[in-house]
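What follows is a single structure, written as structure tokens, with notes after it.
The values are calculated or read from the model by the stated rules, or taken from the named source; none is laboratory data. Since the model is a prediction, treat every value here as computed from it, not as a measurement. Neighbour counts are summed over all protein chains in view; Cβ atoms, including those assigned to glycine, are modelled from backbone coordinates with ideal geometry.
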Ligand SMILES: *Cc1c(COP(=O)(O)O)cnc(C)c1O
């Protein structure tokens with residue numbers, strides 16, 4: 001696995017300055033900006049691109065993305081407060097199950113662009129709160145669609161019983177409620193049925209189904225809606241990064257699909273997390289110890305899955321590069337298991353991976369660590385020090 005020059009240079013600099021074995025997250029903000037610009041340029045004109053901040057809400061990531069996206073999606077009241085505090089000028093979407101009354105009120109007070117309503121109960125509560133505050137609530141109804149073909153992915157959130165979204169059967173009642181509530185303004189529908197999608201053809205098939213359902217529901221219920229939010233879910237292949245979601249091919253197919261299934265003035269909105277931020281992040285561990293145990297080699301790095309839970313959460317061997325230090329190799333052409341400092345056998349980042357050379361003091365560099373990584377990790381377990389957070393500037 002090869003590292004970009006900017007990362008190698010930054011690592012050399014860190015090494016020269018270090019007084020302790022290194023343990024850090026390193027983010028390449030220039031690469032992030034370039035990636036999103038490219039994504040944006042490929043999208044058809046009638047599409048919007050929001051960033052789903054739960055993938056990585058670091059302030060520097062948000063600052064880099066703010067001028068390049070149409071807005072941010074908050075999946076909780078906490079994220080909403082954070083995003084609004086940092087970027088009050090940017091359109092925000094508020095989604096997620098189990099919203100508190102106070103959070104719905106805060107969303108209205110900060111002027112959110114859309115609230116994704118997940119249930120009839122939530123819609124009723126929002127109606128009361130909006131009326132009491134005399135504030136218009138822009139609503140998208142999240143629907144858990146029934147599709148002829150259930151999508152096949154590791155993180156399916158719909159098309160089967162889940163806590164997410166309204167049942168199609170509840171739509172009549174939701175629309176009746178909306179028609180009777182002057183403070184609720186229905187702006188569109190929201191579908192987000194899966195994550196970890198690697199297959200462009202399958203995702204275009206899903207988009208076709210989304211557009212078909214949207215048109216059918218609008219016709220059946222005589223709705224004219226300005227927005228269809230089609231979620232995120234574009235996948236990163238951690239086992240084989242070159243096989244990750246092919247965004248340019250997807251956008252080409254999407255343009256053809258939109259030509260064919262005319263949506264009129266309705267805009268298509270994406271809210272993407274992992275595929276935007278995963279590639280800009282690197283997790284660095286310096287090798288503290290190398291040992292042989294029951295016939296297998298182990299390298300123990302400074303840090304572990306309490307900083308970088310992604311491989312444990314996804315159950316994969318994370319790809320990595322070795323940046324050699326000054327010491328002569330202790331291992332040559334050996335398979336080695338890369339672990340952290342936790343007293344649990346689950347603290348494994350990659351199992352029995354071949355390395356050309358390895359010594360104590362070398363750096364293990366794990367790419368694709370910019371999404372669902374630090375922020376999903378059980379950082380307080382064992383009370384180790386947190387990693388350094390380092391950002392290579394965007395410009
Ligand atoms: C998490 C989430 C997203 C982003 O998903 P990614 O797989 O990170 O692109 C988008 N929409 C909703 C509703 C989500 O819960």
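If you go through segment 355-368 one residue at a time, do you hit one that is farther than 22 Å from residue 237 by Cα and without any contact (Cβ under 8 Å) to a residue 60 or more places away in the chain?
yes
Can you find a residue that is farther than 18 Å from residue 183 by Cα and loosely packed, with under 14 Cβ neighbours inside 10 Å anywhere in segment 110-133?
No, that holds for no residue.
Which is more than 15 Å from the ligand (Cβ to nearest atom), surrounded by 16 or more Cβ atoms within 10 Å (Cβ to Cβ) and over 15 Å from the mean Cα position of the chain (by Cα), of 43, 90?
Being more than 15 Å from the ligand (Cβ to nearest atom), surrounded by 16 or more Cβ atoms within 10 Å (Cβ to Cβ) and over 15 Å from the mean Cα position of the chain (by Cα) holds for just one of 43, 90, which is 90.
Suppose the filter is within 16 Å of the ligand (Cβ to nearest atom), under 30 Å from the mean Cα position of the chain (by Cα) and part of a strand (DSSP E or B); does residue 275 pass it?
So residue 275 fails the test.
Test residue 81 against the criterion of being in contact with a strand residue (DSSP E or B) (Cβ under 9 Å, 6 or more places away or on another chain), at negative phi and more than 13 Å from the ligand (Cβ to nearest atom), and give yes or no.
When the stated conditions are applied, residue 81 passes them.
Working only within segment 278-297, note down all residues that are away from the ligand (no atom under 16 Å from the Cβ) and in contact (Cβ under 8 Å) with a residue 40 or more places away in the chain.
First, pick out the residues of segment 278-297 that are away from the ligand (no atom under 16 Å from the Cβ): 282-297.
Across segment 278-297, the qualifying residues are 282, 283, 284, 285, 286, 287, 288, 289, 290, 296, 297.
Is one or more of the residues making up segment 285-297 at pLDDT 95 or above, surrounded by 17 or more Cβ atoms within 10 Å (Cβ to Cβ) and closer than 26 Å to residue 57 by Cβ?
Scanning segment 285-297, I find at least one residue that is at pLDDT 95 or above, surrounded by 17 or more Cβ atoms within 10 Å (Cβ to Cβ) and closer than 26 Å to residue 57 by Cβ, so the answer is yes.
Tell me which residues, restricted to segment 104-143, are closer than 29 Å to residue 210 by Cα and without any contact (Cβ under 8 Å) to a residue 40 or more places away in the chain.
Of the residues in segment 104-143, the ones closer than 29 Å to residue 210 by Cα are 104, 107-108, 111-127, 136-143.
Answer for segment 104-143, where residues must be closer than 29 Å to residue 210 by Cα and without any contact (Cβ under 8 Å) to a residue 40 or more places away in the chain: 104, 107, 108, 111, 112, 115, 121, 122, 125.
Quick one: count up the residues across segment 221-247 that are away from the ligand (no atom under 15 Å from the Cβ) and within 18 Å of residue 142 (Cβ to Cβ).
Summing the residues that are away from the ligand (no atom under 15 Å from the Cβ) and within 18 Å of residue 142 (Cβ to Cβ) in segment 221-247 gives 4.
Given the residues 383, 389, which is the only one that is surrounded by fewer than 17 Cβ atoms within 10 Å (Cβ to Cβ) and either within 20 Å of residue 327 (Cβ to Cβ) or without any contact (Cβ under 8 Å) to a residue 12 or more places away in the chain (or both)?
Values: 389 fails: either within 20 Å of residue 327 (Cβ to Cβ) or without any contact (Cβ under 8 Å) to a residue 12 or more places away in the chain (or both).
Every option except 383 fails the conditions.
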